[in-house]
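Participant: The structure is given below, and queries will be raised subsequently.
Since every read-out is calculated from the coordinates, none of them should be taken as a lab result. These figures come from a predicted structure and were not determined experimentally. FYI the Cβ positions are ideal-geometry reconstructions off the backbone, even for glycines, and counts take in every protein chain you see.
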Amino acid sequence: MRITGVGTDLVEVVRISGLLERYGERFMRKIFTEKEIRYCSARPDPAVHFSGRFAAKEAVAKAAYQSGWLEVIPWRNIEITNDTHGRPSVNITPQVFSVCHLSIAHDGAYALAFAVGETDHV
Ligand SMILES: CC(C)(COP(=O)(O)OP(=O)(O)OC[C@H]1O[C@@H](n2cnc3c(N)ncnc32)[C@H](O)[C@@H]1OP(=O)(O)O)[C@@H](O)C(=O)NCCC(=O)NCCS
């Protein structure tokens with residue numbers, strides 16, 4: 001297994017909360033999957049978690065493009081889920097990496113994410 005792509009992204013929470021307020025469901029459903037919407041909407045401050053997921057999708061896309069992937073990956077083809085401990089993981093369709101590690105953080109005005117993709121056939 002070899003690391004073939006890394007990506008990071010920083011998102012200002014107010015930018016995402018603005019889009020959520022302005023475009024509501026339309027923005028939400030264009031970017032996020034049903035599972036992601038359910039997870040974020042159940043939190044006390046949904047915009048923070050939507051921001052973390054937005055940053056995560058950008059970070060994963062950067063890692064994919066860095067690895068040599070040439071096609072655009074639609075937002076909803078990158079799905080972020082959390083296990084029972086809160087640990088995030090990512091499912092990418094098509095499967096760009098053999099495994100993609102992901103970390104998300106948020107504090108105050110910002111959310112950030114970092115992704116590391118590994119490939120086993122190079
Ligand atoms: C993990 C932990 C340090 C995160 O601290 P935090 O200050 O709340 O983290 P941030 O606000 O910067 O980031 C939150 C993000 O961290 C990620 N996260 C949450 N729990 C996590 C965990 N156990 N491991 C890795 N990442 C975690 C999530 O992606 C979360 O964002 P999301 O809910 O929008 O997906 C804290 O939740 C903690 O101490 N948890 C208890 C310990 C624990 O669960 N241990 C599990 C291993 S045995």
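Participant: Normalise the Cα radius of gyration of segment 2-119 by 2.2 N^0.38 Å (N = residues in it) and let me know the number.
Facilitator: On the way: Rg = 13.5 Å, N = 118, 2.2 N^0.38 = 13.5 Å.
Compared with the compact-globule rule of thumb, segment 2-119 sits at 1.00.
Participant: In segment 56-89, whose amide N lies under 19 Å from the spot 7 Å out along Cα-to-Cβ of Lys30? List them in ranges.
Facilitator: Those under the cut-off are 56-59, 61, 72-79.
Participant: How much length is gained if the chain between Glu12 and Asn77 is pulled fully straight, taking 0.36 nm per residue apart and subtracting their Cα-Cα distance, in nm to one decimal?
Facilitator: The span from Glu12 to Asn77 would gain 21.1 nm if fully extended.
Participant: If you don't mind, there's one more thing I want to ask. Identify, among Ala47, Met28, Ser103, the residue whose Cα sits farthest towards the positive end of the charge dipole of the chain, taking +1 on the Cβ of Lys and Arg and -1 on the Cβ of Asp and Glu, with the dipole about the Cα centre.
Facilitator: So the residue we want is Met28.
Participant: What do you get for the angle between helix 13-31 and the principal long axis of the chain? Use alpha-carbon atoms, 0 to 90 degrees, nearest ten.
Facilitator: Helix 13-31 sits roughly 70 degrees off the main axis of the chain.
Participant: I've got another one for you. Points 7 angstrom from Cα along the Cβ direction at Ile3 and His101: gap in nanometres?
Facilitator: Roughly 0.7 nm, to one decimal.
Participant: Follow-up question, since we're still on this one. Which residue fluctuates the most in the chain, going by a Gaussian network model with Cα springs under 10 Å, if the choices are Leu70, Leu19, Leu112?
Facilitator: Leu70
Participant: Right, next: Among Met28, Met1, rank each residue by its count of other Cβ atoms within 10 Å, from fewest to most, as a rough exposure measure.
Facilitator: Exposure proxy ranking, most exposed first: Met1, Met28.
Participant: Can you give the direction-averaged projected area of the convex hull of the alpha-carbon atoms in segment 53-122, in nm²? Before the final figure, lay out the partial values.
Facilitator: Details: hull surface 20.4 nm².
One quarter of the hull surface, i.e. the mean projection, equals 5.1 nm².
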